[in-house]
Structures are given as structure tokens and as C-alpha cells.
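The values are calculated or read from the model by the stated rules, or taken from the named source; none is laboratory data. Small disclaimer: the values here were computed from a predicted structure and weren't measured. Virtual Cβ from ideal backbone geometry, glycine too; neighbours counted across all protein chains shown.
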């Protein structure tokens, strides 16, 4: 038995329509599907929601829930803001710079390019959800890496 791939990762958003539009415009993701329900299928709770799915490329799906009857979601005060993030991969450093410039030209504050020695990254928050995004780009040179920490 083995997991083949992550089907999707889901986050909360304030406004599903705004979130779809932002991810289409800023990150060039395609809208896949929206599901609106008045009851949660798994728990049968009477809790309306909108569940949206964005194509993040290469079979990866990024999903969001709009929960109009729930209080606004806060951040975990015990976890630094940079810890929980999504990391997207782009083709190369030139494309990373292109995305950085596109985001900044559209009013998004971007930190980086940061050199992590094994990859380069930029960091930004998406305004609709407040999720920090980390765009790593593998460096095309071989380095010896230890995976001892995984044991």
C-alpha cells in the first residue's frame, strides 16, 4: 500500500470568487470546479460552504473553502507566520524572477529572491486567504545532501 500523490490541499478563504480571480490573474492557475452545499457531506452538519478547486499544474490541485457562517479564521499565535506555507515549483530562476516582477507590478509585496543553497525562493501572501507562498526553484548543480534527519 502506498500513496500515489496528494489529490489536493485545502485552505480557507474569505471570498471564493475573489480567490479564484486572484489565483487566475497572479499565478496563472485555471479554475477547475466549485461545489456549493448547505450540508457537509461527511458530517451532515447544516453548514453552507463553497469549495473551489484551482489547477496548480502537473496534476496538483489547490482548493479553498468559503465558510460564510463561521467567524473569521485567525492564525496560530504560537507558530511563526513563515512556517505554514505552500511551495510551488517553477521551471527556472528566470521564470521565478518573471513571477516576482508580475506580482510586484500588481501590488503584491514579495520577499526575495532568497538563496537557500539548494534552491532559490520568493515569498508573498495571497490577499484573499493570507496564505504565505514560497516559490522554490531548484539550482541546477549537484550538492551532497544528507537525509539522516529522516531516519
- Query: When you scan segment 35-64, how many residues do you find that are farther than 26 Å from residue 108 by Cα and either under 15 Å from the mean Cα position of the chain (by Cα) or not in a loop (DSSP other than H, G, I, E, B) (or both)?
  - Reply: 5
- Message: Taking the conditions exactly as written (outside any strand (DSSP E or B), at pLDDT 95 or above and either assigned by TED's automatic domain parsing to the domain that holds residue 13 or surrounded by 13 or more Cβ atoms within 10 Å (Cβ to Cβ) (or both)), does residue 102 satisfy them or not?
- Response: yes
- Task: Might you let me know whether segment 37-52 holds any residue that is more than 17 Å from residue 133 (Cβ to Cβ), in contact with a strand residue (DSSP E or B) (Cβ under 8 Å, 6 or more places away or on another chain) and in contact (Cβ under 8 Å) with a residue 40 or more places away in the chain?
- Result: yes
- Task: Kindly establish whether residue 16 is without any contact (Cβ under 8 Å) to a residue 24 or more places away in the chain and surrounded by 14 or more Cβ atoms within 10 Å (Cβ to Cβ).
- Result: no
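I'd like the full set of residues that are over 15 Å from the mean Cα position of the chain (by Cα) and touching a residue at least 12 places away in the same chain (Cβ under 8 Å), limited to segment 71-90. Walk me through it before giving the result.
Narrowing segment 71-90 to residues over 15 Å from the mean Cα position of the chain (by Cα): 71-80.
Within segment 71-90, 72, 73, 75 meet the criteria.
So which residues in segment 63-78 are at pLDDT 90 or above and within 15 Å of residue 125 (Cβ to Cβ)?
Here is the first cut: in segment 63-78, the ones at pLDDT 90 or above are 63-71, 77-78.
Of everything in segment 63-78, just one residue is at pLDDT 90 or above and within 15 Å of residue 125 (Cβ to Cβ), namely 64.
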- Which condition number in (1) touching a strand residue (DSSP E or B) at 6+ places or on another chain (Cβ under 6 Å); (2) within 15 Å of residue 135 (Cα to Cα); (3) not in a loop (DSSP other than H, G, I, E, B) is the one that residue 97 fails? (1)
